[in-house]
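Notes follow once the structure below has been shown.
What follows draws every value from the coordinates through simple rules; no lab data is involved. Treat the numbers as computed from the prediction; the structure is a model and nothing was measured. Ideal geometry is used to build each Cβ from the backbone, glycine not excepted, and the neighbour counts take in all protein chains shown.
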Amino acid sequence: MKSCPACKRVYPDDAGFCPADGTGLITASMVPVGSNEDVRIGARLGGRYEVRRVVADGGMGRVYEGIDKQTNTRIAIKVLHDDVSRDDVAVERFKREYELSASLPHDYIVNVLDFQRDPTLNVFMLVMEFLDGEELRLVIKREKSIPPERVLRMLSQVAIGLDEAHAKNFVHRDLKPDNLFLCGSREGDYTKILDFGSVKDKNKDAKKLTVLGTTIGSPFYMAPEQAQGLDTLDARADVFALAAITYECMTGTVPFEGNNGPSILLAIMTKEPEPPSEKARARGAKYPVPPAMDHVMEEALAKNPNIRTRTVGALADAVGRAYGLAGDHRAWARTPQAELQRQLAESLPRAMAAAAPRALEAAADPFAAKPPQDRTMQSPGNAPQGYGGGAAQAGQNMDLAFQAARSAEYGMDDAPAGVPQGRPPWIIPVVVGVVALFVGGGLAIIIALAR
């Protein structure tokens, strides 16, 4: 391995210059490392992982770049903060992330290589493959909105990785721009999903680390059922989160806003997001959003998971087709970004000119109480308790007659099924006759009782 004498970054043996500062590279063993501020720099953790420099600090730990001296490869080492190391549940989550990594595909998910405690420095560490690039959060912060070809390629790659994780009954639960890492390549971004430490394992014998009712995740991207801490949460919560991220990439803002956690969750539970095509236009986004995207986001951000887009792959397909593209997310994930840009240049004008599809119709909530059945549609055998079958039938006939008359007279569309609409010349006399028959029968009964 080689290293930069100035910034201490590590590179493969065939590299010549540091792309960060242009300094010529030399053999890593010839670059002295050490720090008075961090005793871990220069140390060899676990007897094999040489720490070279600090990469980032987070809420759970500090991330270093290092060299695995056994395999001579670049690695990232996350060392847990002391307070986190004292939390048994937090440590168990990191350990489980390492254990789950062995069963996950690594094309679009970061590869976690090791988890252990270093006895010399008394620290827990999580070792991962080293990634060159930046988090999606930094891209959004810098560029505000992202070109559609870049959004679609990233979304398609994430969908492939997540769908395979979902097939193993793993729900990520903490999807956010900070956990999507964009590695640069000649063909465009190569996306890696980070941080499966908050994963919900839906397998039958899985160990439970979360107390029922506990909320885990980032408020801006949290599905309603996740915000409530429901144990019924499944892969559709990740669909919601990924849709919220996609919305933010297109418009430059999240679909649900608030000043603090509770206000954000309240908005998620009670409000509908502004259609992304209108939001992008109002904010003067650099890249137009086609009207068809409004329906895609409405379905993917549905509060009821039973009517939400079912898989992240289906979400990626719907986003691509809203932009007017043919194909599916598995093809778009591997299509060079420049080629996607060319295809979108052809399809987007048509997509922008197309009318928006009909808004999503609310589906029945299986947990909602059933509305009372309309009396006019009851049969004699189903008459409410306390009503005679004959009386119910008579009332039904009267109501049908008046509805038929009203529909015939005013051309209304609410006539019961089977009743012809329009105004046939015979309908009014028939209705009048039926009404007269019931009125006459009622008067005869009253006179008889009076005697």
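The table for this structure:
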read-out	value
Sorted peptide list for 30-39, 91-100, criterion being average Cβ within 10 angstrom, highest first	91-100, 30-39
Projected area averaged over orientations for the range 4-76, convex hull of C-alpha atoms, nm²	5.3
Three-way shape label, the range 33-129, alpha-carbon gyration tensor, a/c 1.5	oblate
Residue pairs, from the table 78/192; 176/271; 141/202, whose Cα atoms sit over 25 Å apart	141/202
